[in-house]
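Here the structure comes first, spelled out in structure tokens, and everything after it is commentary.
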Amino acid sequence: MEFSSKLLENAVYQMSQLPGIGKRTALRLVLHLLRQPETQTQYLVKALGALREDIKFCKQCHSISDVILCDICQNPNRMQDVICVVEDIRDVMAIESTNQYRGLYHVLGGKISPMDGIGPKDLYIDTLVERVKSGLVKELIFALSATMEGDTTNFYIYKQLDKIEIKTSTIARGIGVNDELEYADEITLGRSIINRIPFENALKSS
């Protein structure tokens, strides 16, 4: 792809680094921005700059937040003794959209994947174990995607809690095997939360 401008070429290259954005799509987006009023582009630049400079991660659940403790963790109306374990903020948003869950969350920041060089120490598993050890948590819901990496991560956490008396459950398999949680429709995901099953049962059926 030949460019008439180095500035244009660099902007297209940077845009194409985003997931799912090829060079042709990146070019279309950059040209779209050029056609917009300059103030519109400045708003986008400021928004992205503020995102990088001011964004925080909740000190308790590790979800993305504007403050030290996210709104969900601060909410006194949420069930404080139930924690739903998810991969990232997209899964929190997906589950929240079902309006079927009123507990807290714990965002791991990924899944165990030796092929990608991601081990337990690269995730927020230690802080999850510490939350459970506090004695305030009665149930842990595993809500990772139904993939090999998700199941491996679930099992690893389950073994870390082996000597701790706590109920562990997993969302019902209304979510298809190898499906990512964020792509599930709200009704299916909501029913999976409501009809969750003991994690031990999931081990026997896998």
(request) May I ask you to list, by number, the DSSP H helices of the chain whose Cα span along the axis is at least 15 Å and whose average Kyte-Doolittle hydropathy reaches -0.5 or more? (result) 23-35
(message) Suppose we keep just the DSSP beta bridges with both residues in the chain; what percent of those would be antiparallel, to 5?
(response) 30 percent
(request) Beta carbons within 10 angstrom, averaged per residue: use that to sort the peptides 23-36, 93-106, 137-150, highest first. (result) 137-150, 93-106, 23-36
(message) Need one number: convex hull volume per residue for the stretch 34-87, Cα atoms only, in Å³.
(response) 125 Å³
(message) Quick query: amide H of residue 84 versus all other amide H atoms, modeled in the peptide plane; which residues come in under 5 Å with a sequence gap of 5 or more or a different chain?
(response) 104, 105, 106, 141
(message) At 7 Å along Cα-to-Cβ for each site, give me the label-to-label distance between residue 75 and residue 163 in nm.
(response) 3.6 nm
(request) Give me D for the stretch 6-54 in µm² s⁻¹, whole number, from Stokes-Einstein with Rh from the Kirkwood sum over alpha-carbon pairs, 4 °C and 1.567 mPa s. (result) 113 µm²/s
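Taken together, the values in this text are just the output of simple stated rules run on the coordinates, not laboratory data. For clarity, every value in this text was computed on a predicted model and none was experimentally measured. Neighbour counts are summed over all protein chains in view; Cβ atoms, including those assigned to glycine, are modelled from backbone coordinates with ideal geometry.
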